[in-house]
Amino acid sequence: MATVNTFEFVPASLAIKAMRDSGYKNAAYAIAELVDNAIQANATVIEILCEESEEWVNQRHSKRISKIAVIDNGDGMSARILRKALQFGNGERLTDRSGIGRFGMGLPNSSISQAKRVDVWSWQKKGSETAIHTYLDVQEVEDGGLVEVPDPEMKPPPKQWLARSHTAATSKSGTIVLWSNLDKCDWRTASALFRNSELTIGRIYRRFIGSKKLSIRMAGYLDRSRAPDFDDVVKPNDPMYLMSDTCCPAPWDHEPMFEKYGEPALISVPLRGTNYTVRVTFSIAKRAARAGHNSGENPYGKHAKTNVGVSVIRADRELELQTGWCNTFDTRERWWGIEVDFPPELDEIFGVTNNKQSARALSELAQMPKDLVAEREGFTTEIELISAWEKDEDLRVALLKVKNAIESNLGPIRNAIKAQAESKSGTQRHADPASAEAKGTGATKQRQDDGHHGSSDAGEDAAPSIRTEEIAGALVDAGMAEDEAGEKAENVLKYGQKFEFFKADLASPEFFSVRPKGGVILIGLNTNHPAYEHLVTLLEGGERESDVTVLRTRLRQSYEGLKLLLEAWARYEDELTDGPRKIRAQEARLNWGMVARQFFQES
């Protein structure tokens, strides 16, 4: 490498090394930058083509990607624009907020993040034979031999790439970007690249593909072969599962697997004399998608597992799936979708990075409790913070409103998903003689025989229809759907059980409620109580978890949750002053322990 003996602020030979680690998540996101450029140039067809070479590794032939070409039928570039396109931080759209481009870093940054050399051919109006060509070579820059983008020269694209493309040879205008010397690509083979990129590319550009504005083809070739080993068109990958004809497995490949939940939240943001709108949309799995045993292990359930998070959309293009809003250990998180859609004019507010992979300002808020956000800004509550920011016309208030829209809807959505799971699994649990309900019923009968009576026992003598009506009514009052409540009440009586658990969004601070109805003791678990997430959610999800490490973590955390529950009772007792109340609390603990001992002995 040439010795650096100048005093430039940023010596090119050193800067380009740092720029190679530009933070792209993987090759798919780097390729997405080139797709952005093509869309901005009005392309309707984009082809992502790979060439593999065969290598002799460990006494056997092995394929490895040697080149990646991205070809489009867009408007093409003039010589001046082509040179600027290969400059870092330059371009024609640095102040243009009308599309998905703007930052002027896409082509060179994405290219050198994967390869040491990028060649570009582009032509306008008169076909590929009139193409002009220039390049960027990392090694030449590091050696000091290349200090500026070479002046584009008339040069037709390589024949093998024209032959492999479905459009390049016939398009009056277009561009070919060719990466070679791929020393930083995540995946070694074309099949691995396509397998890992197809879902990402399909998700990022789902709106363009779904509206038929854009077709993206992926194909792989061996050496100089013209016949592809792999050739397919990318389908939309919708994490909201509201689109038809997507890559979701059957039976949800042609119709939406989810349905809209409620109405979108519309947040108005005034900026420079114009009001812009941020739209937050919600979706939830249809009941039919949750039907059957362990729906999460079906192909479509596993597909949904790859799309967990809040999808952040800018100019119809997804920036990222933010997982900061998700409960990592709850497998049911895959059954909801949230989409935040904002225009490029709000880039600075949302903290959009120049590689268009993140909205950092929103992501940071996702990780922070509400009052902590306020405390960081010097306020006691978030309400005070919002009021102050609105008075000061601080545009960050839009982010807080987005956060509130997400979090205020997530609770009810999660409850609805839990109710779906209860609905499909309730009958099986009732019939299980090893269930806690069945064992508790046996222990209760023994206590009744021993002369212990409860207020619910009198209801056992009522007519079955009256008992069913009472039980179902109590469940409906707790927020359960009428048909589900009726079915659950019938099953409780059918199997002669004394106990039935249900989940409810309780306004009180109690962890669980006890309601004797129809001769049955209904136990309501408060989904709003922190103990619910630390115990019930962790333990319920464990039965579906196949990862041993995650399962161990769940068990450890649920054990810690149990200890917190006992510590809370111990502290409650400790804070009572000596006297009747403290004695009654201690007696309650003693008597509960005696009943619990009998229940566990019966099991």
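For the stretch 192-219, a residue qualifies if it is at pLDDT 95 or above and of a type in the set (Lys, Arg), and the qualifying residues are Arg203, Arg206, Arg207, Lys212, Lys213, Arg217.
Per this entry, Lys391 is not counted among residues that are within 26 Å of the chain's Cα centre (by Cα) and basic (Lys, Arg).
Among the residues examined, Ser22 does not qualify as of a type in the set (Ser, Thr, Tyr) and modelled with pLDDT of 75 or more.
Of the residues making up the stretch 241-259, those that are polar (S, T, N, Q) and touching a Phe, Trp or Tyr at 6+ places or on another chain (Cβ under 6 Å) number 0. Restricting attention to the stretch 136-157, the residues that are open to solvent by 20 Å² or more (accessible area, probe 1.4 Å) and over 25 Å from Arg20 (Cβ atoms) add up to 4. Scanning the stretch 50-61 for residues that are surrounded by fewer than 24 Cβ atoms within 10 Å (Cβ to Cβ) and either at pLDDT 95 or above or under 13 Å from Leu222 (Cα atoms) (or both) gives Glu51, Glu52, Ser53, Glu54, Glu55, His61.
The conditions of being in contact with a Leu (Cβ under 7 Å, 6 or more places away or on another chain) and part of a strand (DSSP E or B) are not met by Ser268.
Kindly check whether there is at least one residue in the stretch 152-160 that is among the charged types (D, E, K, R) and free of Cβ contacts under 8 Å to residues at least 12 places away in the same chain. Looking through the stretch 152-160, at least one residue is among the charged types (D, E, K, R) and free of Cβ contacts under 8 Å to residues at least 12 places away in the same chain. Check the stretch 387-395 and report whether any residue there is more than 27 Å from Arg206 (Cα to Cα), of a type outside the set (Gly, Ala, Ser), surrounded by fewer than 18 Cβ atoms within 10 Å (Cβ to Cβ) and in contact (Cβ under 8 Å) with a residue 12 or more places away in the chain. Within the stretch 387-395, one or more residues are more than 27 Å from Arg206 (Cα to Cα), of a type outside the set (Gly, Ala, Ser), surrounded by fewer than 18 Cβ atoms within 10 Å (Cβ to Cβ) and in contact (Cβ under 8 Å) with a residue 12 or more places away in the chain. Mind checking which residues of the stretch 193-224 are in contact with a strand residue (DSSP E or B) (Cβ under 6 Å, 6 or more places away or on another chain) and among the aromatic types (Phe, Trp, Tyr)? Scanning the stretch 193-224 gives Phe194, Tyr221.
The helices (runs of 4 or more DSSP H) found entirely in the stretch 140-250 that carry 3 or more residues being touching an Asp or Glu at 6+ places or on another chain (Cβ under 7 Å) are 190-204, 206-210.
Take the conditions (1) buried (at least 19 other Cβ atoms within 10 Å of the Cβ); (2) in contact (Cβ under 8 Å) with a residue 40 or more places away in the chain; (3) closer than 19 Å to Glu318 by Cβ; (4) not acidic (Asp, Glu); Val269 misses just one of them, which is (3). Counting only residues that are β-branched (Val, Ile, Thr) and touching a strand residue (DSSP E or B) at 6+ places or on another chain (Cβ under 7 Å), which one in the stretch 225-256 is surrounded by the most Cβ atoms within 10 Å (Cβ to Cβ)? Out of the qualifying residues, it is Val234. As a summary of the residue check, Ser110 satisfies the conditions (1) open to solvent by less than 10 Å² (accessible area, probe 1.4 Å); (2) at pLDDT 95 or above; (3) touching a helix residue (DSSP H, G or I) at 6+ places or on another chain (Cβ under 7 Å) except for the one numbered (2).
On the stretch given as the stretch 304-345, residues that are within 21 Å of Glu33 (Cβ to Cβ) and basic (Lys, Arg) total 2.
The values are calculated or read from the model by the stated rules, or taken from the named source; none is laboratory data. What you see is a predicted model, and the numbers here were worked out from it, not measured in a lab. Reconstructed Cβ throughout: ideal geometry from the backbone, glycine too, with neighbour counts over all protein chains shown. Side chains are part of the model used for accessible areas, which takes the heavy atoms of the whole protein and leaves out ligands, DNA and RNA. Shrake-Rupley method; radii C 1.70, N 1.55, O 1.52, S 1.80 Å.
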